[in-house]
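Novice: Below: one structure in structure tokens.
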Amino acid sequence: MSTTSRSLSFVLPFWNEVEGAVRTIEVVSQAAAELVETSVVAKVEILAVNDGSTDATAQLLDSLAAENDYLRVVHHKVNQGLGGALRTGFMEANSDWIFYTDSDLPVDPMVCERAFRATELHDADIVACYRLDRTGEGLRREVLSTVYNTAVRVVTGLNVRDVNFAAKLLRRESVADCLPQSNSLFFDAELLARAMRAGATLQQIGVDYFPRSVGTSTLSSMRSIRDTAQDLARLGPTVSIRK
């Protein structure tokens, strides 16, 4: 496919993010415009998945979409978890490529330019970003992430430096038939393993990481850790990439 004709969907899951939603859509919209203007892609959409928010996030996203040609909003009536929100976003995406990141923007969305370059140089179907410096997230989350990455490697055979980091560029056709069952944080590992078992190729690039500045993350809660560990134990062996 010619690089001048490819299209891109930004997939952003939102849950009770009313404090930062306006800024997030603004930044991603600016990146979308720049990617089109510089011919990195021909067309962009921003797909916001409201995952059953209980604050005013749903109404705010709808009002932003009414004034933003890039933005499309999909709503869950009830919260389905990060994996559920991402699965909906991937299924609803209309583009050749998907870039997914969190609604608190842990990475500059313009990293897509570098990620696309990596796909061209290495004929890659997936580019997984990893954090060059993790100190901003705190010791607890850094330790949890190290333990989890090691466990994923042992169980699935995936050798990904930062498997759960929310910054991945994916060729849509390489993941369309490989969508995970997990609604927990195991979604990322399951997605990569399923895609690679089906023949997808992966490259990794280091990026600057921006810790959350508004709102509160629930990704390192005890419930999240429990659900992720259960999915790793239940689903991990079934998607192992080891021959």
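Rule-based calculations on the coordinates, nothing more; no lab input. Bear in mind that the values here come from a model prediction, so they are computed numbers and not experimental data. Heads up, the Cβs are rebuilt from the backbone with ideal geometry, glycines too, and the neighbour counts pull from every protein chain shown.
Novice: Cβ under 12 Å from V163's Cβ, V163 left aside: what net charge do those residues give with Lys, Arg +1 and Asp, Glu -1?
Specialist: +1
Novice: Here is a follow-up. Along the Cα→Cβ direction, 7 angstrom out, place labels at D55 and R212. What is the inter-label distance in nm?
Specialist: Simple spin-label model gives 1.0 nm for this pair.
Novice: Separate question: As I understand it, the dipole of the chain uses +1 on the Cβ of Lys and Arg and -1 on the Cβ of Asp and Glu, about the Cα centre. Which of P106, S184, Y70 lies farthest toward its positive end?
Specialist: About the Cα centre, the residue reaching furthest to the positive side is S184.
Novice: Can you tell me, using C-alpha contacts under 8 Å and at least 6 residues apart, the relative contact order of the chain as a whole percent?
Specialist: Computed over the chain, the figure is 23 percent.
Novice: A further question on this structure: Take C112, C178 and order them by how many other Cβ atoms sit within 10 Å, fewest up front.
Specialist: Lowest count first: C178, C112.
Novice: Additional query: Collect residues whose amide H, placed 1.01 Å from N in the peptide plane, falls under 5 Å from the amide H of D55; neighbours closer than 5 in sequence don't count.
Specialist: N16
Novice: Taking the Cβ of F210 as the center, what net charge do the other residues with Cβ under 11 Å away carry, scoring Lys and Arg +1 and Asp and Glu -1?
Specialist: With Lys, Arg at +1 and Asp, Glu at -1, the net is -4.
Novice: Starting from 0.36 nm per residue, how many nanometres of slack lie between A198 and K43 once their C-alpha separation is accounted for?
Specialist: Result for the pair: 53.1 nm of gain on full extension.
Novice: While we're on this one: Please report Rg over Rh for region 7-239, where both radii come from the alpha carbon positions and Rh follows the Kirkwood definition.
Specialist: Rg/Rh for region 7-239 comes to 0.93.
Novice: Assign unit charges at the C-beta atoms only (+1 for Lys and Arg, -1 for Asp and Glu), then state the dipole size of region 1-49 relative to its Cα centre in Debye, rounded to the nearest 20.
Specialist: Computed charge dipole of region 1-49: roughly 200 debye.
Novice: Expected output is a single nm value to one decimal: the length gained when fully extending between N159 and R140, i.e. 0.36 nm times separation in residues minus the C-alpha distance. What is it?
Specialist: Here the segment from N159 to R140 would lengthen by 4.6 nm.
Novice: With n ≥ 4 as the cut-off for DSSP H runs, can you work out [θ] at 222 nm for the chain, using -39500 (n - 2.57) per run divided by the number of residues, rounded to the nearest 500?
Specialist: The per-residue figure over the chain is -12500 deg cm²/dmol.
Novice: Also, quick follow-up: To make sure I understand, if each residue's beta carbon is the centre and we count other beta carbons within 10 Å, what order do D108, D133 fall in, fewest to most?
Specialist: Listing D108, D133 from fewest to most nearby Cβ atoms yields D133, D108.
Novice: Per-residue HN-Hα couplings for region 44-50, Karplus 6.51 cos²θ - 1.76 cosθ + 1.60 at θ = phi - 60°, whole Hz, x for Gly and Pro?
Specialist: Values, residue by residue: 9, 10, 10, 10, 9, 9, 7 Hz.
Novice: Around E45, which amide H atoms from residues at least 5 apart in sequence, or from another chain, sit under 5 Å from its own amide H, with H modelled in the peptide plane?
Specialist: Sorted by chain and number, the residues that satisfy this are L8, S9, F10.
Novice: Long-range amide H contacts for N164: which residues qualify at under 5 Å (H placed 1.01 Å from N, peptide plane, sequence gap of 5 or more or a different chain)?
Specialist: Excluding prolines and chain starts, which carry no amide H, there are no hits.
Novice: How much net charge surrounds M91 when only other residues with a Cβ under 12 Å from its Cβ are counted (Lys, Arg +1; Asp, Glu -1)?
Specialist: Overall, the nearby charge balance is 0.
Novice: A further question on this structure: Measuring from label point to label point, each 7 Å out along Cα→Cβ, what is the S63 to T238 span in nm?
Specialist: Modelled inter-label distance: 4.3 nm.
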